[in-house]
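The values are calculated or read from the model by the stated rules, or taken from the named source; none is laboratory data. The shown structure was predicted, so the numbers you read here are calculated from the model rather than taken from an experiment. Here the Cβ is made from the backbone with ideal geometry for all residues, glycine too, and neighbour counts use every protein chain on show. Accessible surface is based on the protein model in full, side chains and every heavy atom, while ligands, DNA and RNA are left aside. Shrake-Rupley method; radii C 1.70, N 1.55, O 1.52, S 1.80 Å.
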Amino acid sequence: MTFSEGKRYNTFTGYYKRLYGERLQKLVIDAGFTCPNRDGTVGAGGCTYCNNDAFHPGYSTPGKSIHQQIDEGIGFHKVRYSRAHHYLAYFQSYSNTYAPLDRLRQLYCEALSHPDIVGIVIGTRPDCVDEEKLDWIAGLKEGRNLEGWHREITDKPLVTIEYGIESCYDRTLERINRGHDFECAAKAVKMTAERGIDTGAHFILGLPGETRQMLLDQCALINDLPLLSVKFHQLQFVKGTKMEAEYEEHPEEFLTMDLPEYIDFMVDMLERLRPDLYIERIAGEVPPRFVKKTAWGLIRNVQILQMLDKRLEERDTTQGALLR
């Protein structure tokens with residue numbers, strides 16, 4: 001079985017190319033949100049692995065307007081992705097539905113009013129959505145709710161909600177101070193997908209107490225969710241986080257892999273994931289200044305994807321191979 005672009009797995013870049021006819025580049029936006037797991041609503045201190053500064057570029061800061069961040073992001077990405085002509089505003093930092101609906105309207109429509117933006121991606125927590133917000137976002141995807149904002153490109157913007165789920169195991173979620181359980185995540189995903197909104201999810205591989213078999217078994221739980229896409233990345237120990245200290249004290253409780261092992265393990269996971277599920281990411285990149293050591297060296301994501309392609313070919317296997 002082969003997928004788009006001659007791959008052996010279902011790439012999310014291929015999804016956008018088929019949907020829009022070209023590559024779409026995400027521009028990270030920091031709209032100044034916080035998180036209920038930080039402000040005391042759900043908890044304090046945040047998730048034990050979290051330092052948001054490690055996960056967004058320098059052009060993305062809350063002191064700048066949405067349009068300024070977009071303009072600077074376009075300039076930044078034109079160096080690496082010169083073929084990209086249209087962009088998605090990616091509301092990434094913290095929980096980007098954690099505000100009253102009127103505030104969300106202002107922010108999302110401001111991003112969509114930029115002439116080079118054709119859609120938005122909203123990163124959030126599953127406990128930060130409700131039916132009213134999801135109904136309004138669904139209307140936005142259908143071209144409603146844009147009154148008063150000038151649209152030059154499309155009347156129906158692309159809209160994705162991406163949930164940080166991180167693990168399907170409640171014991172893990174409690175240990176990392178996540179502040180919600182898996183049932184909450186599953187409910188949010190179903191509510192979102194039922195409204196026709198593209199729905200993605202993020203998972204971290206290697207959280208404390210989780211084994212290889214647990215992560216492989218998790219694939220069946222992921223398959224049961226009405227997700228369009230998934231992101232995976234290896235656990236990285238960011239400086240100053242509670243998890244960094246936990247790892248230094250109890251390294252035996254963490255599943256760590258060198259890069260060849262991780263690539264082989266990702267092949268094992270892909271074989272267990274349904275073939276219609278788009279794979280947006282298999283590994284994460286944290287700037288070296290945020291970690292004490294880069295366990296895999298200074299390797300870029302594109303090189304990791306090349307290694308994955310090669311290993312899938314060597315093993316003559318594909319995404320979903322074990323589900324046939």
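Data overview
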{"item": "Distance in nm between pseudo-label sites at Thr256 and Arg300 (7 Å out along the Cβ direction from Cα)", "result": "2.7"}
{"item": "Label-point separation in nm, Glu22 to Ala220, each point 7 Å along Cα→Cβ", "result": "4.5"}
{"item": "The range 81-121-the range 250-290 distance, computed between alpha-carbon centres (Å)", "result": "28"}
{"item": "Calculated FRET efficiency for the pair Thr41/His85, C-beta based, R₀ 45 Å, to 0.05", "result": "0.65"}
{"item": "Under 5 Å, built H, 5+ apart or other chain: amide partners of Leu205", "result": "His233, Gln234, Leu235"}
{"item": "The range 216-324: translational diffusion in µm²/s, Stokes-Einstein, Kirkwood Rh over Cα pairs, 25 °C, 0.890 mPa s", "result": "160"}
{"item": "Listed peptides 118-127, 229-238, 94-103 by packing density, highest first (mean Cβ within 10 Å)", "result": "118-127, 229-238, 94-103"}
{"item": "Partnerless Cys - the chain, beta-carbon criterion under 4.7 Å", "result": "Cys35, Cys109, Cys128, Cys168, Cys184, Cys219"}
{"item": "Accessible carbon and sulfur surface of the chain relative to its total accessible area, %, 1.4 Å", "result": "49"}
{"item": "Difference of contour (0.36 nm per residue) and Cα-Cα distance, Leu101 to His67", "result": "10.2 nm"}
{"item": "Accessible solvent surface per residue of the chain, calculated while the other protein chains remain in place, 1.4 angstrom probe, Å²", "result": "45"}
{"item": "Projected-area mean, the range 134-236, by convex hull of Cα positions, square nanometres", "result": "7.8"}
{"item": "Nearest-20 debye value, the chain charge dipole, Cβ charges on Lys, Arg, Asp, Glu", "result": "840"}
{"item": "Of all DSSP beta bridges in the chain, antiparallel share, percent nearest 5", "result": "5"}
